[in-house]
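Take a look at the structure below.
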Amino acid sequence: MNQVANYFNGSHFNIESKIYQLPRTAPDTPVPRLLHVQSIPTIGARDVKHFASPAGDTHHLAFANRWGGSVAIFTWDAALHLFAPTLSIDTAGLPGAPISNFLTERADS
């Protein structure tokens with residue numbers, strides 16, 4: 001799946017970020033068609049990262065929201081076929097570093 005973090009739409013930051021899937025039926029077509037899977041409510045999302053459990057059986061998305069000072073974690077729910085909200089990490093007051101650095105440091109550790 002592919003994800004897009006939407007920061008601003010020209011009038012406000014409270015917009016949905018999108019999750020898309022490239023169907024495996026014809027991924028090499030000249031103009032591949034992406035299917036919209038889900039919209040995630042975000043507040044000025046600056047970054048999104050995918051990470052999985054060490055066994056690879058649980059998938060997560062982390063959205064770094066510029067406004068609201070949080071990183072929102074969503075976990076794939078196979079029964080519902082969508083990412084469900086799991087955790088919100090307060091990032092307000094983190095000294096100096098952009099919120100997107102928070103995601104990179106945690107995902108790589």
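Every read-out reported here was derived from the displayed coordinates using simple, explicitly stated rules and does not represent laboratory data. Computed from a predicted model, the values in this text were never measured in an experiment. Here the Cβ positions follow ideal geometry from the backbone for every residue, glycine too, while neighbour counts run over all protein chains shown.
What FRET efficiency do you get for Thr29 and Thr86 if R0 is 41 Å and r is their Cβ-Cβ distance, rounded to the nearest 0.05?
Efficiency at R0 = 41 Å is approximately 0.75.
Work out how much length Ser11 to Ala52 would gain on full extension: take 0.36 nm times their residue separation and subtract the Cα-Cα distance, in nm to one decimal.
Roughly 11.3 nm would be gained on extension.
Could you work out the local net charge near Ser70, counting Lys and Arg as +1, Asp and Glu as -1, over the other residues with Cβ closer than 12 Å to its Cβ?
Result for the neighbourhood of Ser70: +1.
5 Å is the cut-off here: which amide hydrogens, built 1.01 Å from N in the peptide plane, fall below it relative to Val37, excluding neighbours closer than 5 in sequence?
Here Ile19, Tyr20, Gln21 satisfy the definition.
Just the projected area, averaged over all directions, of the convex hull on the alpha carbon atoms of region 9-51: how many nm²?
Values: hull surface 17.6 nm².
Directional mean of the projected Cα hull area for region 9-51 stands at 4.4 nm².
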